[in-house]
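Reviewing the structure listed below.
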Amino acid sequence: MEEFEELFHDSFESQEELLSEYNSFLSTFERLDQAAVPELSSRRKAQIFKQSWQGRPQESSWFLILLDFFRKPALTFAIGIVTGCILMSVVMNDSIDLAGTASADELLEVEHTRYSQTYKGKIIDDFYSEFENPEIVVEKAGETAPEQRTFHGTLDNGEIYVVWNL
Amino acid sequence: MNQQYPVSDEALIEAVKKGDRNAAAWLYNRHIDRIHRICCRIVLDPLQVQDCVQEVWLKVFRNIDRFQCSKSFAAWLNTVTANTAIDYYRKWIKHDNHVGSDDIRARAMTTDENPGDRKLDGALIQQRIREALEKISVNQRTAFILRYYEDLPVAEIAETLGCSEGAVRTHIRRSLLALRAKLAGKLNQ
């Protein structure tokens, strides 16, 4: 009755009218209560379950794990970047030194003093490969003096010292 | 209903997600009667109901990975059932092979679940109610069935059908008025 009142409260002016309307519904409710639903037989229930269960996607566990792994966008992005770098490296025909590539400092070391700068490292070694311990020194005699560039290196296991004005 | 079983729906769902067939069977047996009842009252044709019920469970097992255990499984299941049954009914109505009320009546009278030895009065009343339910729109019918027969709160029905609570109340009110008109006239004939 409360719910009926809630549903029809705006349709009737007085409580009597509402009650009268509710009474007119009683036989309808009685009829509706008789509307029984036939039960499914156990055989049909089992059949429906079997077919429904078989109809679900049959994914293997390793596939699910792989799928879950790639569902993480940040991880997928990172893997994409690494894969891209490897592919680029292969395309550029340059092998990757995964053990650790030389850092910028090792490629070119610079030693600073007040009036001089000494450059050495892999780049200088490669450029002057015929010399031992090659280095380039840029120095000035004073604050305002012009720069002077010289190459220093040795030959024959240090027996010959080379100084070369550049 | 859950008090009958020591294992919660959520625990069963976790097992089902891992592919446990027994857990799926437990879950299925726990809810199948309610699902069948709802489908029966929405779809109305006894021959179509079983296909509809199967479609519901196919969807449940296919999409159970998406179900979040923080929500009520029964509410999720109600939503899947109601929407599947509504879609099923609409497709069936549009289908070329759609049959009329007389055919449905004949099926209802001869189907296994409705033995012919029942009293004619009972069968006739069932038929009248079915016809009356068929005359109201499927959305109105669903709202009415979920409230009147399944005793779901209006708010849950609104969420299930994707409409406002006011719309659900309107559906139920119109259903009641239509059913009273149909049943009063027919049953007195």
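The values are calculated or read from the model by the stated rules, or taken from the named source; none is laboratory data. This one's a predicted model, so the numbers in the text were calculated from it and none came from an experiment. We place every Cβ from the backbone using ideal geometry, glycine too, and count neighbours over all the protein chains shown. SASA here: full protein model, heavy atoms, side chains in, ligands and nucleic acids out. Shrake-Rupley method; radii C 1.70, N 1.55, O 1.52, S 1.80 Å.
Would you pick out the residues in segment B:30-53 that are of a type in the set (Val, Ile, Thr), touching a Lys or Arg at 6+ places or on another chain (Cβ under 8 Å) and more than 7 Å from chain A (Cβ to nearest Cβ)? Break it down stepwise before answering.
Initial filter on segment B:30-53 (of a type in the set (Val, Ile, Thr)): B:32, B:35, B:38, B:42-43, B:49, B:53.
Among the residues that remain, those that are also touching a Lys or Arg at 6+ places or on another chain (Cβ under 8 Å) are: B:32, B:42.
Answer for segment B:30-53, where residues must be of a type in the set (Val, Ile, Thr), touching a Lys or Arg at 6+ places or on another chain (Cβ under 8 Å) and more than 7 Å from chain A (Cβ to nearest Cβ): just B:ILE42.
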Are any of the residues in segment B:45-52 at pLDDT 90 or above and touching a Leu at 6+ places or on another chain (Cβ under 9 Å)? yes
B:ASP103 fails exactly one of (1) more than 10 Å from every other protein chain (Cβ to nearest Cβ); (2) closer than 20 Å to A:SER42 by Cα; (3) at pLDDT below 90, namely (2)
List pairs: first residue in segment B:54-70 and on the phi > 0 side of the Ramachandran plot, second residue buried (at least 17 other Cβ atoms within 10 Å of the Cβ) and charged (D, E, K, R) anywhere in the structure, Cβ distance under 7 angstrom, at least six positions apart or on different chains. none
May I ask you to list the residues in segment A:30-59 that are surrounded by 16 or more Cβ atoms within 10 Å (Cβ to Cβ) and farther than 29 Å from B:LYS18 by Cα? A:ARG31, A:LEU32, A:ALA35, A:VAL37, A:PRO38
Could you give every pair whose Cβ atoms fall below 9 Å, whose first residue belongs to segment A:108-127 and is free of Cβ contacts under 8 Å to residues at least 40 places away in the same chain, and whose second residue is β-branched (Val, Ile, Thr) and assigned to a helix (DSSP H, G or I), counting only separations of at least 6 or pairs across chains? A:LEU108/A:ILE123; A:LEU108/A:ILE124; A:GLU109/A:ILE124
Look at B:LEU179 and say whether it is in a loop (DSSP other than H, G, I, E, B) and buried (at least 19 other Cβ atoms within 10 Å of the Cβ). no
Could you please find all residues in segment A:106-140 being surrounded by 13 or more Cβ atoms within 10 Å (Cβ to Cβ), in contact with a Pro (Cβ under 8 Å, 6 or more places away or on another chain) and not hydroxyl-bearing (Ser, Thr, Tyr)? A:LYS120, A:ILE124, A:ASP125, A:LYS140
Restricting segment B:54-68 to residues that are open to solvent by 40 Å² or more (accessible area, probe 1.4 Å) and out of contact with any Asp or Glu (no Cβ under 9 Å at 6 or more places or on another chain), the one nearest to the other protein chains (Cβ to nearest Cβ) turns out to be B:ARG62
For segment A:100-117, state whether one or more residues are at pLDDT 85 or above and in contact with a Phe, Trp or Tyr (Cβ under 7 Å, 6 or more places away or on another chain). yes
List the pairs whose first member sits in segment B:157-174 and is assigned to a helix (DSSP H, G or I), whose second member is among the acidic types (Asp, Glu), and whose Cβ atoms are under 7 Å apart, counting only residues at least 6 apart or on separate chains? B:ALA158/B:GLU165
Of the residues in segment A:148-158, those that are at pLDDT below 85 and open to solvent by 100 Å² or more (accessible area, probe 1.4 Å) come to A:ASN157
B:HIS95 passes all but one of the listed conditions (1) modelled with pLDDT of 55 or more; (2) more than 13 Å from every other protein chain (Cβ to nearest Cβ); (3) open to solvent by less than 30 Å² (accessible area, probe 1.4 Å); the exception is number (3)
